[in-house]
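As structure tokens, the structure follows; a few thoughts come after it.
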Amino acid sequence: MKTPSASILTPAAIVASALLLTACGSMDKSQLQFNPMSVPESVRVPAGNKIAWETTTAGGKITYECRDKANMPGQTEWVFVGPQADLMDRSGKKVGTYYGPPATWEALDGSKITATQLAVAPAGEGNLPYQLVKANPAMGSGAMSGVTYVQRVALKGGVAPAMACTAGNKGQRQIVMYQADYIFWK
């Protein structure tokens with residue numbers, strides 16, 4: 001036999017649980033979806049394209065090398081050599097890699113793209129800039145097939161080393177850590 005208090009509490013608990021799950025579900029969604037209007041206009045994707053894939057690079061690396069400045073004898077500078085990063089989906093599962101040169105995004109299914117830079121915009125001191133690139137036709141079939149643009153957003157770090165680049169350390173390489181989200185459009 002049911003007691004009166006048990007029958008009253010059960011529906012209340014169900015309603016409270018449903019409201020809590022609904023609230024949590026909508027919080028998670030808003031935190032995980034990229035807002036195309038959150039980036040400077042110069043690096044926005046043209047109308048008519050839709051987000052196909054969102055990835056993040058929690059521990060990306062960029063290699064720089066101390067070299068002579070082009071057409072400036074006796075002067076040196078840190079030169080970008082290339083990136084190396086795992087691409088993770090929003091749940092933290094590895095879905096591909098990013099490496100170069102040339103800048104290449106490769107899905108675990110073997111499909112990959114290279115791209116041509118169209119625009120950059122400042123993303124704050126000490127951070128790589130926002131970037132918009134136009135994808136070249138995909139190599140292989142899979143996740144990268146049909147990708148038209150890639151945006152680099154949500155940037156942390158990645159700029160040339162703070163250490164001085166001089167004639168004394170010419171040829172030395174330094175690895176700088178960075179974080180970014182790569183948004184793939186079709």
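Looking only at region 98-113, residues that are under 16 Å from Met88 (Cα atoms), assigned to a strand (DSSP E or B) and open to solvent by less than 30 Å² (accessible area, probe 1.4 Å) come to 4 in all. Looking at (1) open to solvent by 50 Å² or more (accessible area, probe 1.4 Å); (2) at pLDDT below 95, find the lone condition where Lys94 falls short. For Lys94, the failing item is (2).
In region 73-85 there is no residue that is open to solvent by 80 Å² or more (accessible area, probe 1.4 Å), closer than 20 Å to Met139 by Cα, part of a loop (DSSP other than H, G, I, E, B) and free of Cβ contacts under 8 Å to residues at least 24 places away in the same chain. Residue selection: Val15 fails the criterion of being at pLDDT 95 or above and either in contact with a His (Cβ under 8 Å, 6 or more places away or on another chain) or farther than 17 Å from Trp185 by Cβ (or both).
Exactly one residue among Ala135, Ala123, Ala164 is modelled with pLDDT of 95 or more and within 15 Å of Ala52 (Cβ to Cβ), and that residue is Ala135. Going through (1) surrounded by fewer than 15 Cβ atoms within 10 Å (Cβ to Cβ); (2) not in a loop (DSSP other than H, G, I, E, B) one by one, Ala70 falls short only on (2). Thr116 falls short on exactly one of the conditions (1) outside any strand (DSSP E or B); (2) under 30 Å from Gly48 (Cβ atoms); (3) more than 16 Å from the chain's Cα centre (by Cα), and that condition is (1). Within region 38-59, residues that are more than 15 Å from Val133 (Cα to Cα) and among the β-branched types (Val, Ile, Thr) have Cβ atoms under 7 Å from residues that are open to solvent by less than 60 Å² (accessible area, probe 1.4 Å) and modelled with pLDDT under 95 in these pairs: Thr55/Asp89, counting only partners at least 6 apart in sequence or on another chain.
Can you find a residue that is farther than 20 Å from Tyr149 by Cα, open to solvent by 50 Å² or more (accessible area, probe 1.4 Å) and out of contact with any helix residue (DSSP H, G or I) (no Cβ under 6 Å at 6 or more places or on another chain) anywhere in region 52-64? Within region 52-64 (the criterion being farther than 20 Å from Tyr149 by Cα, open to solvent by 50 Å² or more (accessible area, probe 1.4 Å) and out of contact with any helix residue (DSSP H, G or I) (no Cβ under 6 Å at 6 or more places or on another chain)), the answer is yes, since at least one residue qualifies.
Residues that are among the acidic types (Asp, Glu), free of Cβ contacts under 8 Å to residues at least 12 places away in the same chain and surrounded by 18 or more Cβ atoms within 10 Å (Cβ to Cβ): find the strands (runs of 3 or more DSSP E) completely inside region 121-186 holding 1 or more of those.
Numbers: elements: 130-135, 149-157, 173-185.
No strands (runs of 3 or more DSSP E) qualify here.
The values are calculated or read from the model by the stated rules, or taken from the named source; none is laboratory data. Keep in mind that what you see is a predicted model, and the values were worked out from it rather than measured. A quick note on method: Cβ atoms are made from the backbone with ideal geometry, for glycine too, and the neighbour counts reach across all protein chains shown. Side chains are part of the model used for accessible areas, which takes the heavy atoms of the whole protein and leaves out ligands, DNA and RNA. Shrake-Rupley method; radii C 1.70, N 1.55, O 1.52, S 1.80 Å.
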